[in-house]
Amino acid sequence: MDKSPEVPQDVLRRIFAILEVPDLVRAGSGVCSSWRAAYTSLCSTGNCRLRQTPYLLYTSESTDAREARLYSIAEKKAYTSTLPDPPIQSRYIIGSSYGWIITADEKSELHLVNPITGKHIALPSVTTIEQVKPVFDDEGAVCSYEYWWYTGEDVISDTPSVFPPSKLRDYLFYKAFLSSDPSTGGYLICGDDKWTWLPPHSYYEDCLFKEGLLYVSTTIGEIHTFNLGAPAVTQTVFLDKMKDIYCERIYIVQGSGGEMLQIWRSDAVPRGEDEDETDSDVELELDRDKVVFNTTAITVYEVEPASKKIEKISSLGQNVLFLGHNQSLCLHAEEYQQLKANHVYFTDDDYLYTTGFKNNRRDIGVFDLENNSSEEITTPQLWSNWPTPVWLIPNPRRSFATHS
């Protein structure tokens, strides 16, 4: 009997390139050698479809310490990924960009991990950060760190604090980003083997990379730009402060039409899950395990470059936002039909709450901008409260780069 003709490799690659990652991996791990070849070629050449629906990456007490779970919004189910050591449950997750998570291990050292490919990249040592000085024991091993309390603008204390290696990450790291995808070979750290300060400032909240510039937003709504490609990094004020006091958390993101959006996110006054507004602060202090933060309002503004002002917009239309420790995202619901238009998918990223109340319930959900209400991603809760879950766009590309 004649065999049916094989589908040409270029046709298979075009088909595979539009699959969501679970379907792509299933297609590439089957018994058909032609399919496996197309899958391997697609991932190696970096032509994988970038329009993957975001997943929620989290850990669970019921799984192995090296396992992470990826919850698919599209399929409403979770997948398991075994990651390289050190165990993911022992790390802090402080960022997500281009399908990679940025983590801090028990020595407060930073790593990149791709949960789809298992690729792991160690970043330059924390000891190359200006405010951190290692303290060595008699055997020459790092036993603690001196942490000097100053920023680009303020000297908080003239005396350093001394932290054990695992504790430094509680105070040093807030949120981390990547300027490009390490899988493409274009990954570069300024200074190569050490961390380099940008021109002095402080209280940055979020950032985005656009047209060769780094845009950074502060806690009072300022936006600064940095030209990282110049011989000497230059800083420009793109938008002056929008308020005088810090109340909301502020994000910036590029809209689907290329416009820049600034998002303000507000929390409720923290109180116990079973407590009402009449409960005293003393009672609240005594029952820290019940303290929760809940997102109560999200307001979206469009940044007007010409007038240097922001304009409140009443609706995102078909756009969808993803906020949290991930690099802030704006997607279009017509291209991601499993997502809800004019909604914000959010995870917990309040620094004081997540690090001060690690065992408490996380603030994760979907916010409807039309009626100012939230709903849960899934019930019952699947994830552990620590490390904090984060949004991730799966990236099956094979990585060719290292930090050096």
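Based on what the data block shows, is residue 135 more than 28 Å from residue 57 (Cα to Cα), of a type in the set (A, V, I, L, M, F, W, C) and at pLDDT 95 or above? Step through it out loud before you land on a result.
Details: more than 28 Å from residue 57 (Cα to Cα): yes; of a type in the set (A, V, I, L, M, F, W, C): yes; at pLDDT 95 or above: yes.
So residue 135 fits the description; yes.
When the residues of region 300-325 are filtered to those that are assigned to a strand (DSSP E or B) and surrounded by fewer than 17 Cβ atoms within 10 Å (Cβ to Cβ), which remaining residue is nearest to the chain's Cα centre (by Cα)?
Looking at the filtered set, the residue picked out is 302.
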task: Kindly provide the set of residues from region 331-347 that are surrounded by 20 or more Cβ atoms within 10 Å (Cβ to Cβ) and under 18 Å from residue 99 (Cβ atoms), ordered by number.
output: 331, 339, 345, 347
message: If I go through region 123-151 residue by residue, how many of them are of a type in the set (A, V, I, L, M, F, W, C), closer than 14 Å to residue 171 by Cα and not in a strand (DSSP E or B)?
response: 4
- prompt: Are there any pairs, at least 6 apart or on different chains, whose C-beta atoms fall under 9 Å, with the first in region 374-399 and under 11 Å from residue 362 (Cβ atoms) and the second assigned to a strand (DSSP E or B) and modelled with pLDDT under 90, and if so, which?
  reply: none
- line: Taking first residues from region 154-170 that are touching a residue at least 40 places away in the same chain (Cβ under 8 Å) and second residues anywhere that are part of a loop (DSSP other than H, G, I, E, B) and open to solvent by 30 Å² or more (accessible area, probe 1.4 Å), the pairs with Cβ under 6 Å that are 6 or more apart or on different chains are 165/107; 166/106
message: Taking the criterion of being within 25 Å of residue 177 (Cα to Cα), modelled with pLDDT of 95 or more and either assigned to a loop (DSSP other than H, G, I, E, B) or of a type in the set (D, E, K, R) (or both), would at least one residue in region 271-294 satisfy it?
response: no
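Residue-by-condition table, conditions (1) acidic (Asp, Glu); (2) within 21 Å of residue 326 (Cβ to Cβ); (3) at pLDDT 90 or above; (4) part of a strand (DSSP E or B):
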| residue | (1), (2), (3), (4) |
| --- | --- |
| 153 | yes, no, no, no |
| 187 | no, yes, no, no |
| 202 | no, no, no, no |
| 230 | no, no, no, no |
message: For residue 177, only one of the following conditions fails: (1) modelled with pLDDT of 80 or more; (2) within 20 Å of the chain's Cα centre (by Cα); (3) outside any loop (DSSP other than H, G, I, E, B). What is its number?
response: (3)
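The values are calculated or read from the model by the stated rules, or taken from the named source; none is laboratory data. Computed from a prediction, not measured in an experiment: that's the story for all the values here. Here the Cβ is made from the backbone with ideal geometry for all residues, glycine too, and neighbour counts use every protein chain on show. For accessibility, only protein heavy atoms count, side chains too; no ligands or nucleic acids. Shrake-Rupley method; radii C 1.70, N 1.55, O 1.52, S 1.80 Å.
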